[in-house]
Every structure is written in structure tokens, then in C-alpha cells.
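Undergrad: Mind looking over this structure? Questions follow.
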Amino acid sequence: MRALPLVLRLAAMLGCLGAIAALADWKLEQDVEPPSYAVIEPENSNLNIDGVVLACEEAGDARILQFQIYLSTEGPLLPKGAAPQQLKGDPRAEIAIDGRVFPVDLLFADTYAVLADETNEMFPRLSEHLIAAMTTGRIMVLSFDLLAEPAGQTPSFDGEAVIALQQGGGNATMSAVQRCLPMTVDAASPGHDRRCSAGAVLNTR
């Protein structure tokens, strides 16, 4: 039984390490086997992102992997220089890994955001093929469409974060977090949805 909830442990880790130096490499949870999360800072970004986290979370009787985004400010997730009043009501996001695009849903909790392309029952999660792409890929680009466009203007991405997936032994680090997962669940099994929905545990803005 771990002493602190995951969100508190991550906040402490990001705060302490951020005060010393940027998280240029993936950092695993220490003194826990298997580790329940790994965290890294973006190589570059125009958003108020402090760090991104591959986290193993409880989902009912199962465990899932989530991709969580922690902010450098109190929120909300914003392009630098933008005001919260500029946010649109239907933000969207996508993940590209080495040029391959993965549509994802953007969901929000109290202290972080989640990018997910599947649900396990009502819990947003990463699919097996997206986890595999992250584990073996080199560059991941997170693109966000957060700000409302003027009337008649085509929606476009206005926020971006670039993650060096293999920085600091990324393959081994992400594989270590995956050890928290149970045996693979067949994609056709009940409760296994390909996309997240607004009715998930986390709420869309």
C-alpha cells in the first residue's frame, strides 16, 4: 500500500526536480516495484506544461495506463500569453509519433489533463498500439486546439509540446511502468471501447 496518492507524489517530484533542473530524461518512481509512473518535461512547448506522465492507475478491478499532463500554473491548459477567456468549449488534441497520427480525446481532472484513445469500462486509457508506438518511437508531438477562432475561421491547432521519447532510456523506462499491467485484455471483450467519451471519470471541459 503506497503512502501517498499518485497525484501528490507526482506534484512533489515535479516541484522538487523542477526547482533544481529540467527533467531532460524520463524519471521513474523510486523505491516501488513495479513503478507506477514515469515523468518527463517536454523538449519544447508553447503551453503551460510542467511535465507529462505515463501513469499506472487503478480502474475498478483492473489497472490501466494513462497519459497525464501536469501544468506549470494553476490552470487551465493554455498557450503561453493566452487568457482563459479565449478558450473554446470543445477543445481537441492529437498525438503524432514519428509522423504517425493518433486521434485522442482530451479530458480534464482537477489538477491535470489526460490524453486517451480508449476506455476500459468508464476509465480513459492508452490503447495497446499507442503504448507500443510510444515505447519504440523517437519523437512525440502533442497538438492542441484550445482557443476559440473568430467566426468563419477554420479550427486549427494552437498549442504544441514535443517529447523526446527515448531520452534517458525511454524504452526501458516505459516498459518498466507497463509491468504494473495485468495480462492483455482482448480488444473485443465487453467494456473495452476504442475511444473515450464525455461520460468518463474525467470530465471534458
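Undergrad: Evaluate the following for Leu78: is it buried (at least 19 other Cβ atoms within 10 Å of the Cβ), out of contact with any Pro (no Cβ under 7 Å at 6 or more places or on another chain) and modelled with pLDDT of 95 or more?
TA: Against the criterion (buried (at least 19 other Cβ atoms within 10 Å of the Cβ), out of contact with any Pro (no Cβ under 7 Å at 6 or more places or on another chain) and modelled with pLDDT of 95 or more), Leu78 does not qualify.
Undergrad: Still on this structure: Do we have any residue at all in the range 114-127 that's over 12 Å from the mean Cα position of the chain (by Cα) and among the basic types (Lys, Arg)?
TA: Going through the range 114-127, the residues over 12 Å from the mean Cα position of the chain (by Cα) turn out to be 118-123, 127.
Retained after the next criterion (residues that are among the basic types (Lys, Arg)): none.
Checked against the condition, which is being over 12 Å from the mean Cα position of the chain (by Cα) and among the basic types (Lys, Arg), the range 114-127 yields no hits at all.
Undergrad: Can you name the number of the only condition in (1) modelled with pLDDT under 95; (2) farther than 24 Å from Ala176 by Cβ that Ala62 fails?
TA: Going through (1) modelled with pLDDT under 95; (2) farther than 24 Å from Ala176 by Cβ one by one, Ala62 breaks only (2).
Undergrad: Okay, moving on. If you check Glu58, Glu74, which single one turns out to be more than 15 Å from Val141 (Cβ to Cβ), assigned to a loop (DSSP other than H, G, I, E, B) and more than 14 Å from the chain's Cα centre (by Cα)?
TA: Details: Glu58 fails: assigned to a loop (DSSP other than H, G, I, E, B).
The unique qualifying residue is Glu74.
Undergrad: From Asp61, Asp110, Asp90, grab the single residue that is among the acidic types (Asp, Glu) and farther than 24 Å from Pro35 by Cβ.
TA: Details: Asp61 fails: farther than 24 Å from Pro35 by Cβ; Asp110 fails: farther than 24 Å from Pro35 by Cβ.
When all the criteria are applied, what remains is Asp90.
Undergrad: Looking only at the range 44-71, filter to residues that are without any contact (Cβ under 8 Å) to a residue 40 or more places away in the chain and surrounded by fewer than 17 Cβ atoms within 10 Å (Cβ to Cβ); which one of those is farthest from Ile131 (Cα to Cα)?
TA: Taking the candidates together, the pick is Asp61.
Undergrad: Still on this structure: Does Ala132 qualify as being modelled with pLDDT under 95 and either exposed (fewer than 14 other Cβ atoms within 10 Å of the Cβ) or out of contact with any strand residue (DSSP E or B) (no Cβ under 7 Å at 6 or more places or on another chain) (or both)? Before you say what the answer is, go through the steps one by one.
TA: Details: modelled with pLDDT under 95: no; either exposed (fewer than 14 other Cβ atoms within 10 Å of the Cβ) or out of contact with any strand residue (DSSP E or B) (no Cβ under 7 Å at 6 or more places or on another chain) (or both): yes.
In short, no.
Undergrad: Which of the residues that make up the range 105-156 are among the hydrophobic types (A, V, I, L, M, F, W, C), without any contact (Cβ under 8 Å) to a residue 60 or more places away in the chain and in a loop (DSSP other than H, G, I, E, B)?
TA: The answer is Ala151, and nothing else.
Undergrad: Another question about this same structure. Looking at the range 170-205 only, could you name the residues that are modelled with pLDDT of 90 or more and part of a loop (DSSP other than H, G, I, E, B)?
TA: Within the range 170-205, Arg179, Cys180 meet the criteria.
The values are calculated or read from the model by the stated rules, or taken from the named source; none is laboratory data. These numbers come from a predicted model, not from an experiment. FYI the Cβ positions are ideal-geometry reconstructions off the backbone, even for glycines, and counts take in every protein chain you see.
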